[in-house]
Amino acid sequence: MGKKARRALVLGGSYAGLFAARVLTEQYDEVLIVDRDKLVGERGPRRGRPQGKHINAMHVRGLQVTEELFPGFIDELIADGCPTGDYAGSCRWYFNGKPLLREDIGYIAVPATAPLMERHLRERVEQLPQVRFVERHDIAGLEATPDGSRITGARLRDLDNDRDELIEADLVVDATGRGSRTPAMLEKFGYERVPEERIKINLGYVTQHYELDDDPWRGDLAIIPVAFPSSPRGAIFTQTDHGRVELTTYGLLGDHPPTDQEGFYDFVRSLAIPDIADALKTARPVDEPVPFHYPVTLRRRYERMSRLPAGLVVTGDAVTSFNPVYAQGMTVAAVSALTLRQHLSPNGEPDPTAYFRDLARDAIDAPWEMTTTVDLNFPDVPGHRSLKMRMVQRYLRLVQVAATRDPKVTTAYLRAAGMVDTPQALMRPATLWRVLRGAFARTSPTDRSPQPALAESR
């Protein structure tokens with residue numbers, strides 16, 4: 001008798017779901033990807049991913065992992081009309097309204113619109129013979145053994161025929177995003193509530209696309225003024241695929257951009273630098289301003305659960321939903337797939353306790369700490385600021401000041417923001433010396449606040 005075929009069921013066709021599906025094909029005979037939307041062949045924004053109408057991004061580390069899992073991916077984006085440049089040297093960064101000194105660091109940035117990047121990733125997954133997409137199906141619930149100790153599959157609802165279907169699986173991967181219903185389902189099966197951390201940032205941003213006849217970037221890829229406490233408004237103005245121009249501008253703590261055209265332009269004129277407003281004087285909008293509201297960051301602490309069912313893991317925004325301004329989500333989704341890969345085997349299954357422990361340590365802890373440290377630098381964002389955090393915030397202020405005077409400090413900072421290095425790398429002796437020398441070389445700005453890279457080229 002032959003070996004029984006093994007099936008993995010991925011709930012959600014998000015970036016996280018696609019990355020997970022890729023590594024699952026290494027150990028499972030069949031990988032089903034379930035999503036409410038039609039996915040195959042789609043080229044534009046889709047309903048299930050409202051952020052798809054906004055600036056898309058992937059940090060350096062995310063591109064590295066994507067290229068490892070899908071060799072040639074970067075070349076495919078370039079061939080499909082994406083511009084390229086250096087992650088640090090080709091982006092015009094402003095902290096506290098002051099430009100950073102910068103240099104090329106040898107890591108590519110490939111600004112792509114969200115639908116284009118997602119399509120290329122999905123098409124690479126479609127080519128894997130083990131993968132099948134189950135489109136236009138909602139997840140009605142997880143299925144478990146009578147004692148709740150193992151997840152055995154999921155009940156799906158066909159949205160076109162209004163029929164339910166049970167799909168059994170040896171492993172279920174929840175990649176349904178921040179709206180994941182897994183915590184509620186686990187409680188239904190008798191498990192404790194999944195611990196959560198939330199930070200209320202009340203972020204709102206608006207995106208619009210343009211045609212331009214000139215080059216306001218003067219050879220750069222993007223202009224990125226980053227919000228800071230005395231001016232909690234920021235933006236990224238970038239070139240992207242097929243000659244298009246994207247602008248996303250944002251405000252924290254309820255200070256959101258309006259969506260009427262003149263009000264939107266007024267908001268842009270209020271930014272800490274005039275570069276983007278000057279460029280828009282002759283720009284031609286090709287669509288209407290589109291808003292997005294993001295009230296709180298969210299981390300579900302599965303690694304703190306006292307027990308978990310076998311046959312289930314969670315990934316992507318369903319575990320941690322980062323402040324999208326810092327563009328960490330796609331990269332964390334990619335890195336999370338590497339963690340999942342480490343817990344797969346030809347015959348066994350992931351130990352959920354070990355998986356979530358390693359996921360926290362290897363993929364989530366560092367970017368979450370960075371995001372939290374920066375968000376809590378805004379005084380009106382509620383949350384506990386430990387002594388350690390206040391010390392880190394103070395040091396990052398010095399890093400910001402030094403980065404306006406020393407390109408090596410900018411490089412160190414953007415390597416950490418790009419998730420190539422850990423944040424602790426900023427404390428290496430050589431970098432520490434440059435930070436202190438640059439920060440105290442002359443009178444520092446009165447308002448210095450730490451910010452991470454706004455976009456992974458997003």
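The values are calculated or read from the model by the stated rules, or taken from the named source; none is laboratory data. Everything numeric in this text was worked out from a predicted model, so none of it was measured. Cβ atoms come from the backbone with ideal geometry, glycine included; neighbour counts cover every protein chain shown. Quick note on the areas: whole protein, heavy atoms, side chains included, nothing else; ligands and nucleic acids left out. Shrake-Rupley method; radii C 1.70, N 1.55, O 1.52, S 1.80 Å.
From the list Ala412, Ala441, Ala402, exactly one residue is among the small types (Gly, Ala, Ser), surrounded by 24 or more Cβ atoms within 10 Å (Cβ to Cβ) and touching a residue at least 24 places away in the same chain (Cβ under 8 Å). Which is it?
After applying the criteria, what remains is Ala402.
Within the range 369-384, can you find the residues that are assigned to a helix (DSSP H, G or I) and either in contact with an Asp or Glu (Cβ under 8 Å, 6 or more places away or on another chain) or more than 17 Å from Gly316 (Cβ to Cβ) (or both)?
Initially, the range 369-384 is screened for residues assigned to a helix (DSSP H, G or I), giving 369-375.
Hits for the range 369-384 are Glu369, Met370, Thr372, Thr373, Val374, Asp375.
Which one is farthest from the chain's Cα centre (by Cα) among residues in the range 1-17 that are farther than 14 Å from Val134 by Cβ and either at pLDDT 95 or above or crowded, with 16+ Cβ neighbours inside 10 Å (or both)?
Arg6
Would you please name the residue that is least open to solvent (accessible area, probe 1.4 Å), looking only at residues in the range 33-52 that are aliphatic (A, V, I, L, M) and part of a loop (DSSP other than H, G, I, E, B)?
That would be Leu39.
Quick check on this structure: which one of Pro382, Pro352, Pro407 is within 30 Å of Ile55 (Cα to Cα), touching a strand residue (DSSP E or B) at 6+ places or on another chain (Cβ under 8 Å), open to solvent by 10 Å² or more (accessible area, probe 1.4 Å) and in contact (Cβ under 8 Å) with a residue 24 or more places away in the chain? Break it down stepwise before answering.
Values: Pro352 fails: within 30 Å of Ile55 (Cα to Cα); Pro407 fails: touching a strand residue (DSSP E or B) at 6+ places or on another chain (Cβ under 8 Å).
The conditions single out Pro382.
Please go through (1) out of contact with any Leu (no Cβ under 7 Å at 6 or more places or on another chain); (2) not in a helix (DSSP H, G or I) for Thr238 and return the number of the only condition it doesn't satisfy.
(1)
Only one of these conditions is not met by Glu303: (1) at pLDDT 95 or above; (2) out of contact with any Lys or Arg (no Cβ under 8 Å at 6 or more places or on another chain); (3) over 27 Å from Thr248 (Cβ atoms); (4) not in a strand (DSSP E or B). Which number is it?
If we test Glu303 against (1) at pLDDT 95 or above; (2) out of contact with any Lys or Arg (no Cβ under 8 Å at 6 or more places or on another chain); (3) over 27 Å from Thr248 (Cβ atoms); (4) not in a strand (DSSP E or B), just (2) comes out false.
Among the listed residues Arg284, Arg299, which satisfies the condition of being open to solvent by 80 Å² or more (accessible area, probe 1.4 Å), in contact with a Phe, Trp or Tyr (Cβ under 7 Å, 6 or more places away or on another chain), on the phi < 0 side of the Ramachandran plot and of a type outside the set (Ser, Thr, Tyr)? It would help to see each step written out before you state the result.
Values: Arg299 fails: open to solvent by 80 Å² or more (accessible area, probe 1.4 Å).
After ruling out the rest, the residue left standing is Arg284.
Can you find, within the range 74-128, the residue that is farthest from Leu414 (Cα to Cα) among those that are of a type in the set (A, V, I, L, M, F, W, C), part of a helix (DSSP H, G or I) and out of contact with any Leu (no Cβ under 9 Å at 6 or more places or on another chain)?
The residue in question is Ala79.
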